[in-house]
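Everything on this sheet refers to the single structure shown next.
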Amino acid sequence: MSFFRGGKGATPTNAEEPLLGPVGGPVGGPVGGPVGGPVGGTGGGSPAPPGTYRRSGPLGSLKNAVRPLTHPEKRKERLIKGAQTGNLEMVKQALNDGADIEANPFDYDRLIRQGITPLHHACINGHLDVVRELLKRGAAMGPGLLSSATNNNHLDVVRELLSGEGHPGALIDATDYEGGPTPLHNACRWGYLEMVRELLSGEGHPGAAIEIRDSDGCTPLFTAARHGHLEVVRELLSGKGHKGAAVDAANNNGATPLFIASERGHVEIVRELLSGEGHQGAAVDAAAQAGVTPLMLASARNQLKVVRELLSGEGHPGALIDAATTDGTTSLYIASQHGREAVVKELLSGEGHKAATVKKGGIFSKSPLSVAASLKIKELLKQAMSESATGGRRRRYTYAKGTRRNKKTRRH
(Lines give C-alpha, C1' and ligand atoms only; values in the text may rest on other atoms or scores of the structure.)
Protein backbone atom coordinates (compact mmCIF):
# COMPACT_ATOMS: atom_id res chain seq x y z
CA MET A 1 0.00 0.00 0.00
CA SER A 2 1.27 3.47 -0.80
CA PHE A 3 0.32 6.81 0.65
CA PHE A 4 -0.11 10.39 -0.40
CA ARG A 5 3.14 12.19 0.26
CA GLY A 6 2.93 14.09 3.51
CA GLY A 7 3.60 11.55 6.24
CA LYS A 8 1.36 11.30 9.26
CA GLY A 9 -2.35 11.70 8.65
CA ALA A 10 -2.14 10.84 4.93
CA THR A 11 -4.81 8.74 3.22
CA PRO A 12 -4.00 5.50 1.38
CA THR A 13 -4.18 5.21 -2.43
CA ASN A 14 -4.68 2.17 -4.68
CA ALA A 15 -2.18 -0.51 -3.78
CA GLU A 16 -1.39 -1.00 -7.50
CA GLU A 17 -0.23 2.60 -7.97
CA PRO A 18 3.32 3.65 -7.15
CA LEU A 19 3.66 6.79 -5.03
CA LEU A 20 5.33 8.73 -7.84
CA GLY A 21 5.41 7.61 -11.46
CA PRO A 22 8.65 7.89 -13.39
CA VAL A 23 9.24 11.06 -15.31
CA GLY A 24 7.24 10.68 -18.50
CA GLY A 25 5.92 7.30 -17.32
CA PRO A 26 2.40 6.03 -17.94
CA VAL A 27 1.30 6.38 -14.30
CA GLY A 28 2.98 9.48 -12.90
CA GLY A 29 2.76 11.28 -16.21
CA PRO A 30 5.34 13.63 -17.70
CA VAL A 31 6.71 16.50 -15.62
CA GLY A 32 4.04 19.13 -15.55
CA GLY A 33 1.87 16.98 -17.85
CA PRO A 34 -1.93 16.72 -17.68
CA VAL A 35 -1.87 13.19 -16.27
CA GLY A 36 0.89 13.29 -13.68
CA GLY A 37 0.09 16.83 -12.55
CA PRO A 38 2.73 18.99 -10.86
CA VAL A 39 6.19 17.72 -9.99
CA GLY A 40 5.92 15.69 -6.81
CA GLY A 41 2.21 15.06 -7.29
CA THR A 42 0.73 11.82 -6.04
CA GLY A 43 0.61 8.75 -8.22
CA GLY A 44 -1.79 9.35 -11.12
CA GLY A 45 -2.18 13.03 -10.09
CA SER A 46 -5.33 12.26 -8.14
CA PRO A 47 -6.79 15.13 -6.08
CA ALA A 48 -6.95 15.14 -2.29
CA PRO A 49 -10.05 13.49 -0.88
CA PRO A 50 -13.00 15.82 -0.18
CA GLY A 51 -13.21 17.36 3.28
CA THR A 52 -9.42 17.63 3.64
CA TYR A 53 -6.87 20.38 3.26
CA ARG A 54 -3.20 20.46 2.38
CA ARG A 55 -0.64 22.65 4.07
CA SER A 56 1.92 24.45 1.95
CA GLY A 57 5.55 23.56 2.45
CA PRO A 58 8.35 21.34 1.19
CA LEU A 59 7.50 17.85 0.01
CA GLY A 60 7.49 15.19 2.63
CA SER A 61 7.43 17.66 5.56
CA LEU A 62 4.91 17.51 8.36
CA LYS A 63 3.47 20.77 7.10
CA ASN A 64 2.36 19.04 3.89
CA ALA A 65 0.17 16.48 5.66
CA VAL A 66 -3.44 16.07 4.57
CA ARG A 67 -5.74 16.25 7.58
CA PRO A 68 -9.45 16.72 8.18
CA LEU A 69 -10.66 20.26 8.78
CA THR A 70 -12.00 19.09 12.12
CA HIS A 71 -8.61 17.75 13.17
CA PRO A 72 -7.81 18.48 16.86
CA GLU A 73 -4.60 20.24 15.75
CA LYS A 74 -6.65 22.79 13.80
CA ARG A 75 -8.95 23.48 16.74
CA LYS A 76 -5.92 23.85 18.98
CA GLU A 77 -4.33 26.37 16.61
CA ARG A 78 -7.52 28.45 16.58
CA LEU A 79 -7.72 28.44 20.37
CA ILE A 80 -4.10 29.48 20.79
CA LYS A 81 -4.34 32.17 18.12
CA GLY A 82 -7.47 33.57 19.75
CA ALA A 83 -5.73 33.66 23.15
CA GLN A 84 -2.67 35.36 21.70
CA THR A 85 -4.59 38.02 19.79
CA GLY A 86 -7.39 38.57 22.30
CA ASN A 87 -10.09 37.32 19.89
CA LEU A 88 -12.71 36.23 22.43
CA GLU A 89 -15.15 34.90 19.81
CA MET A 90 -12.46 32.72 18.25
CA VAL A 91 -11.62 31.32 21.69
CA LYS A 92 -15.26 30.57 22.44
CA GLN A 93 -15.82 28.90 19.05
CA ALA A 94 -12.71 26.75 19.39
CA LEU A 95 -13.78 25.62 22.86
CA ASN A 96 -17.33 24.94 21.68
CA ASP A 97 -15.88 22.80 18.87
CA GLY A 98 -14.08 20.70 21.45
CA ALA A 99 -10.58 22.26 21.58
CA ASP A 100 -8.50 21.14 24.54
CA ILE A 101 -8.43 24.09 26.97
CA GLU A 102 -4.95 23.05 28.16
CA ALA A 103 -3.58 22.67 24.61
CA ASN A 104 0.11 23.35 24.16
CA PRO A 105 1.33 24.93 20.92
CA PHE A 106 3.55 22.86 18.67
CA ASP A 107 6.10 24.48 16.37
CA TYR A 108 6.57 22.32 13.28
CA ASP A 109 10.11 23.55 12.69
CA ARG A 110 11.33 23.39 16.29
CA LEU A 111 9.88 21.95 19.46
CA ILE A 112 9.59 25.12 21.50
CA ARG A 113 7.38 26.77 24.09
CA GLN A 114 6.06 23.47 25.38
CA GLY A 115 3.85 23.85 28.43
CA ILE A 116 2.54 27.31 27.44
CA THR A 117 -1.24 26.97 27.54
CA PRO A 118 -3.85 29.32 26.03
CA LEU A 119 -4.28 30.86 29.49
CA HIS A 120 -0.56 31.62 29.58
CA HIS A 121 -0.81 33.35 26.20
CA ALA A 122 -3.75 35.45 27.37
CA CYS A 123 -1.86 36.46 30.53
CA ILE A 124 1.34 37.30 28.63
CA ASN A 125 -0.56 39.53 26.19
CA GLY A 126 -2.90 41.08 28.77
CA HIS A 127 -6.24 39.93 27.32
CA LEU A 128 -8.44 40.16 30.41
CA ASP A 129 -11.69 38.99 28.74
CA VAL A 130 -9.98 35.88 27.39
CA VAL A 131 -8.42 35.19 30.79
CA ARG A 132 -11.85 35.37 32.44
CA GLU A 133 -13.43 33.12 29.80
CA LEU A 134 -10.74 30.47 30.11
CA LEU A 135 -10.89 30.53 33.92
CA LYS A 136 -14.69 30.30 33.81
CA ARG A 137 -14.40 27.20 31.65
CA GLY A 138 -12.05 25.54 34.08
CA ALA A 139 -8.54 26.32 32.80
CA ALA A 140 -5.92 25.13 35.26
CA MET A 141 -4.17 27.76 37.38
CA GLY A 142 -0.72 26.42 36.48
CA PRO A 143 2.69 27.73 37.49
CA GLY A 144 4.00 30.85 35.83
CA LEU A 145 0.66 32.51 35.11
CA LEU A 146 1.05 35.29 37.66
CA SER A 147 4.69 35.83 36.68
CA SER A 148 3.69 36.05 33.00
CA ALA A 149 1.23 38.85 33.75
CA THR A 150 3.61 40.58 36.19
CA ASN A 151 6.57 40.55 33.80
CA ASN A 152 4.45 42.30 31.18
CA ASN A 153 2.87 44.77 33.64
CA HIS A 154 -0.73 43.68 33.08
CA LEU A 155 -2.18 44.94 36.35
CA ASP A 156 -5.83 44.04 35.61
CA VAL A 157 -4.89 40.47 34.75
CA VAL A 158 -2.87 40.16 37.97
CA ARG A 159 -5.87 41.36 39.99
CA GLU A 160 -8.11 38.82 38.24
CA LEU A 161 -5.70 35.96 38.88
CA LEU A 162 -5.42 36.90 42.56
CA SER A 163 -9.13 37.54 43.10
CA GLY A 164 -10.21 33.89 43.23
CA GLU A 165 -13.66 34.87 41.93
CA GLY A 166 -15.02 31.76 40.24
CA HIS A 167 -11.63 30.07 40.26
CA PRO A 168 -9.04 28.94 42.84
CA GLY A 169 -6.87 32.04 42.55
CA ALA A 170 -3.13 32.22 41.93
CA LEU A 171 -0.55 31.70 44.67
CA ILE A 172 0.98 35.14 45.11
CA ASP A 173 4.47 33.92 46.00
CA ALA A 174 4.60 31.05 43.49
CA THR A 175 7.68 30.77 41.29
CA ASP A 176 8.11 29.37 37.78
CA TYR A 177 10.73 26.95 39.09
CA GLU A 178 12.26 26.01 42.43
CA GLY A 179 14.32 28.88 43.79
CA GLY A 180 13.21 31.23 41.01
CA PRO A 181 12.01 34.82 41.38
CA THR A 182 8.53 35.50 42.72
CA PRO A 183 6.09 37.88 41.01
CA LEU A 184 7.22 40.58 43.48
CA HIS A 185 10.85 40.01 42.48
CA ASN A 186 9.86 40.39 38.83
CA ALA A 187 7.91 43.59 39.44
CA CYS A 188 10.90 45.03 41.33
CA ARG A 189 13.27 44.00 38.56
CA TRP A 190 11.33 45.85 35.88
CA GLY A 191 10.46 48.84 38.08
CA TYR A 192 6.66 48.43 37.92
CA LEU A 193 5.72 50.62 40.88
CA GLU A 194 1.93 50.14 40.72
CA MET A 195 2.39 46.40 40.35
CA VAL A 196 4.62 46.35 43.45
CA ARG A 197 1.97 48.25 45.40
CA GLU A 198 -0.76 45.86 44.27
CA LEU A 199 1.21 42.76 45.23
CA LEU A 200 2.03 44.20 48.66
CA SER A 201 -1.42 45.66 49.35
CA GLY A 202 -3.19 42.48 50.41
CA GLU A 203 -6.47 43.84 49.05
CA GLY A 204 -8.51 40.81 48.04
CA HIS A 205 -5.50 38.54 48.44
CA PRO A 206 -2.96 37.62 51.14
CA GLY A 207 -0.27 40.06 50.00
CA ALA A 208 3.23 39.17 48.87
CA ALA A 209 5.97 38.29 51.37
CA ILE A 210 8.30 41.29 51.30
CA GLU A 211 11.33 39.42 52.65
CA ILE A 212 11.01 36.35 50.41
CA ARG A 213 14.29 35.28 48.80
CA ASP A 214 15.31 33.64 45.55
CA SER A 215 17.91 30.87 45.22
CA ASP A 216 20.73 33.45 45.62
CA GLY A 217 19.20 34.81 48.81
CA CYS A 218 18.22 38.11 47.18
CA THR A 219 15.16 39.96 48.51
CA PRO A 220 12.86 42.15 46.37
CA LEU A 221 14.65 45.22 47.83
CA PHE A 222 18.00 43.85 46.69
CA THR A 223 16.53 43.25 43.22
CA ALA A 224 15.15 46.81 42.97
CA ALA A 225 18.47 48.29 44.16
CA ARG A 226 20.42 46.19 41.64
CA HIS A 227 18.34 47.44 38.70
CA GLY A 228 18.27 51.08 39.81
CA HIS A 229 14.55 51.62 40.48
CA LEU A 230 14.54 54.40 43.09
CA GLU A 231 10.76 54.76 43.49
CA VAL A 232 10.35 51.02 44.00
CA VAL A 233 13.11 51.08 46.63
CA ARG A 234 11.30 53.89 48.44
CA GLU A 235 8.01 51.99 48.30
CA LEU A 236 9.55 48.83 49.73
CA LEU A 237 11.20 50.77 52.56
CA SER A 238 8.18 52.97 53.34
CA GLY A 239 6.04 50.38 55.10
CA LYS A 240 2.89 52.12 53.83
CA GLY A 241 0.14 49.51 53.78
CA HIS A 242 2.66 46.76 54.34
CA LYS A 243 5.61 45.79 56.47
CA GLY A 244 8.66 47.73 55.34
CA ALA A 245 11.62 45.87 53.89
CA ALA A 246 14.74 45.20 55.97
CA VAL A 247 17.33 47.63 54.62
CA ASP A 248 20.37 45.47 55.44
CA ALA A 249 19.01 42.05 54.41
CA ALA A 250 22.02 40.29 52.85
CA ASN A 251 22.12 37.64 50.14
CA ASN A 252 24.02 34.34 50.27
CA ASN A 253 27.33 36.17 49.73
CA GLY A 254 26.69 38.66 52.51
CA ALA A 255 25.99 41.54 50.11
CA THR A 256 23.32 44.04 51.17
CA PRO A 257 21.20 46.28 48.90
CA LEU A 258 23.70 49.11 49.61
CA PHE A 259 26.49 46.86 48.38
CA ILE A 260 24.86 46.13 45.02
CA ALA A 261 23.70 49.75 44.52
CA SER A 262 27.28 50.93 45.14
CA GLU A 263 28.67 48.41 42.66
CA ARG A 264 26.18 49.43 39.94
CA GLY A 265 26.69 53.17 40.52
CA HIS A 266 23.11 53.98 41.54
CA VAL A 267 24.03 57.00 43.65
CA GLU A 268 20.43 58.11 44.31
CA ILE A 269 19.57 54.69 45.70
CA VAL A 270 22.76 54.71 47.79
CA ARG A 271 21.67 58.06 49.22
CA GLU A 272 18.14 56.76 49.92
CA LEU A 273 19.37 53.61 51.65
CA LEU A 274 21.75 55.62 53.85
CA SER A 275 19.34 58.46 54.63
CA GLY A 276 17.11 56.70 57.13
CA GLU A 277 14.20 58.94 56.09
CA GLY A 278 11.08 56.99 56.99
CA HIS A 279 13.13 53.87 57.60
CA GLN A 280 16.27 52.66 59.31
CA GLY A 281 19.41 53.77 57.51
CA ALA A 282 21.69 51.19 55.94
CA ALA A 283 24.98 50.24 57.58
CA VAL A 284 27.55 52.08 55.47
CA ASP A 285 30.39 49.68 56.28
CA ALA A 286 28.42 46.43 56.19
CA ALA A 287 30.90 43.90 54.83
CA ALA A 288 30.29 40.97 52.50
CA GLN A 289 32.49 37.89 52.23
CA ALA A 290 36.20 38.43 53.06
CA GLY A 291 35.34 41.82 54.58
CA VAL A 292 34.68 43.67 51.31
CA THR A 293 32.75 46.91 51.92
CA PRO A 294 30.56 49.01 49.61
CA LEU A 295 33.36 51.62 49.40
CA MET A 296 35.84 49.01 48.18
CA LEU A 297 33.54 47.78 45.47
CA ALA A 298 32.61 51.30 44.34
CA SER A 299 36.35 52.06 44.14
CA ALA A 300 37.01 48.93 42.08
CA ARG A 301 34.14 49.76 39.68
CA ASN A 302 35.24 53.41 39.32
CA GLN A 303 31.95 54.72 40.70
CA LEU A 304 33.27 58.15 41.71
CA LYS A 305 29.91 59.68 42.67
CA VAL A 306 29.13 56.74 44.91
CA VAL A 307 32.58 56.96 46.53
CA ARG A 308 31.95 60.63 47.35
CA GLU A 309 28.50 59.88 48.75
CA LEU A 310 29.76 57.05 50.95
CA LEU A 311 32.56 59.26 52.33
CA SER A 312 30.51 62.45 52.69
CA GLY A 313 28.81 61.61 55.97
CA GLU A 314 25.80 63.72 54.95
CA GLY A 315 22.86 62.19 56.76
CA HIS A 316 24.89 59.13 57.71
CA PRO A 317 28.12 58.31 59.59
CA GLY A 318 30.33 58.09 56.50
CA ALA A 319 32.38 55.12 55.39
CA LEU A 320 35.67 54.19 57.06
CA ILE A 321 38.17 55.12 54.38
CA ASP A 322 40.93 52.82 55.65
CA ALA A 323 38.71 49.80 56.33
CA ALA A 324 40.51 46.64 55.20
CA THR A 325 39.53 43.16 54.07
CA THR A 326 40.69 40.04 55.88
CA ASP A 327 44.00 40.15 53.94
CA GLY A 328 44.58 43.86 54.60
CA THR A 329 43.41 45.26 51.26
CA THR A 330 42.01 48.81 51.42
CA SER A 331 39.91 50.89 49.04
CA LEU A 332 43.01 52.89 48.04
CA TYR A 333 44.91 49.70 47.27
CA ILE A 334 42.04 48.44 45.09
CA ALA A 335 41.62 51.74 43.21
CA SER A 336 45.38 51.96 42.58
CA GLN A 337 45.56 48.39 41.36
CA HIS A 338 42.64 48.86 38.94
CA GLY A 339 43.92 52.17 37.58
CA ARG A 340 41.04 54.28 38.93
CA GLU A 341 42.84 57.62 38.87
CA ALA A 342 39.82 59.80 39.73
CA VAL A 343 38.93 57.57 42.69
CA VAL A 344 42.53 57.60 43.93
CA LYS A 345 42.49 61.41 43.81
CA GLU A 346 39.25 61.49 45.79
CA LEU A 347 40.48 59.08 48.42
CA LEU A 348 43.70 61.05 48.89
CA SER A 349 42.10 64.51 48.75
CA GLY A 350 40.70 64.66 52.28
CA GLU A 351 38.00 67.02 51.01
CA GLY A 352 34.95 66.49 53.21
CA HIS A 353 36.45 63.37 54.68
CA LYS A 354 39.63 61.93 56.14
CA ALA A 355 42.35 61.30 53.56
CA ALA A 356 43.26 57.69 52.90
CA THR A 357 46.49 56.39 54.40
CA VAL A 358 48.98 55.42 51.72
CA LYS A 359 51.09 53.07 53.81
CA LYS A 360 48.21 50.64 54.24
CA GLY A 361 48.96 47.64 52.04
CA GLY A 362 47.28 44.55 50.70
CA ILE A 363 48.29 40.92 50.83
CA PHE A 364 51.91 40.29 51.89
CA SER A 365 52.03 43.92 53.10
CA LYS A 366 52.26 45.34 49.58
CA SER A 367 51.51 49.04 49.44
CA PRO A 368 49.23 50.75 46.89
CA LEU A 369 52.38 52.22 45.35
CA SER A 370 53.69 48.76 44.48
CA VAL A 371 50.57 47.83 42.51
CA ALA A 372 49.69 51.20 40.96
CA ALA A 373 48.46 50.62 37.42
CA SER A 374 49.77 53.90 35.95
CA LEU A 375 52.57 56.43 36.38
CA LYS A 376 50.03 59.13 37.20
CA ILE A 377 48.68 57.13 40.11
CA LYS A 378 52.22 56.48 41.34
CA GLU A 379 52.88 60.23 41.28
CA LEU A 380 49.70 60.87 43.28
CA LEU A 381 50.67 58.27 45.87
CA LYS A 382 54.25 59.56 46.17
CA GLN A 383 53.01 63.11 46.60
CA ALA A 384 50.60 62.02 49.32
CA MET A 385 53.37 60.13 51.12
CA SER A 386 55.62 63.15 50.90
CA GLU A 387 52.98 65.50 52.28
CA SER A 388 52.21 63.06 55.07
CA ALA A 389 55.90 62.92 56.07
CA THR A 390 56.15 66.73 56.20
CA GLY A 391 52.98 67.29 58.15
CA GLY A 392 50.93 68.29 55.18
CA ARG A 393 53.59 70.51 53.54
CA ARG A 394 54.83 69.43 50.15
CA ARG A 395 58.51 68.41 50.34
CA ARG A 396 60.84 70.28 48.00
CA TYR A 397 64.23 69.06 46.86
CA THR A 398 66.98 71.43 45.64
CA TYR A 399 70.59 70.88 44.79
CA ALA A 400 73.39 72.77 46.58
CA LYS A 401 75.52 74.87 44.29
CA GLY A 402 78.68 73.10 43.17
CA THR A 403 77.54 69.68 44.32
CA ARG A 404 76.84 66.64 42.20
CA ARG A 405 73.19 66.12 41.23
CA ASN A 406 72.95 62.88 43.12
CA LYS A 407 73.72 64.76 46.34
CA LYS A 408 70.46 66.28 47.53
CA THR A 409 70.16 69.06 50.05
CA ARG A 410 66.76 69.20 51.66
CA ARG A 411 65.29 72.69 51.94
CA HIS A 412 62.02 73.21 53.73
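The values are calculated or read from the model by the stated rules, or taken from the named source; none is laboratory data. Treat the numbers as computed from the prediction; the structure is a model and nothing was measured. No Cβ is skipped: glycine too gets one built from the backbone with ideal geometry, and neighbour counts run over all protein chains shown.
Set side by side, the residues L311, L297 differ, and just one is without any contact (Cβ under 8 Å) to a residue 60 or more places away in the chain, in contact with a Ser or Thr (Cβ under 6 Å, 6 or more places away or on another chain), crowded, with 18+ Cβ neighbours inside 10 Å and within 22 Å of S367 (Cβ to Cβ), which is L297. Sort out which residues of region 286-296 are at pLDDT 95 or above and closer than 21 Å to A245 by Cβ, and write them in order of number. Residue satisfying the conditions is P294 alone. Filtering region 216-247 to residues that are part of a loop (DSSP other than H, G, I, E, B), more than 14 Å from the chain's Cα centre (by Cα) and surrounded by fewer than 16 Cβ atoms within 10 Å (Cβ to Cβ) leaves G217, G239, K240, G241, K243.
Those residues that are part of a loop (DSSP other than H, G, I, E, B) and either touching a Phe, Trp or Tyr at 6+ places or on another chain (Cβ under 7 Å) or charged (D, E, K, R) (or both), I need them from region 170-192; list them, please. Residues satisfying the conditions are D173, D176, E178. Please count how many residues of region 319-341 are modelled with pLDDT under 95 and closer than 19 Å to H266 by Cα. Qualifying residue count, region 319-341: 0.
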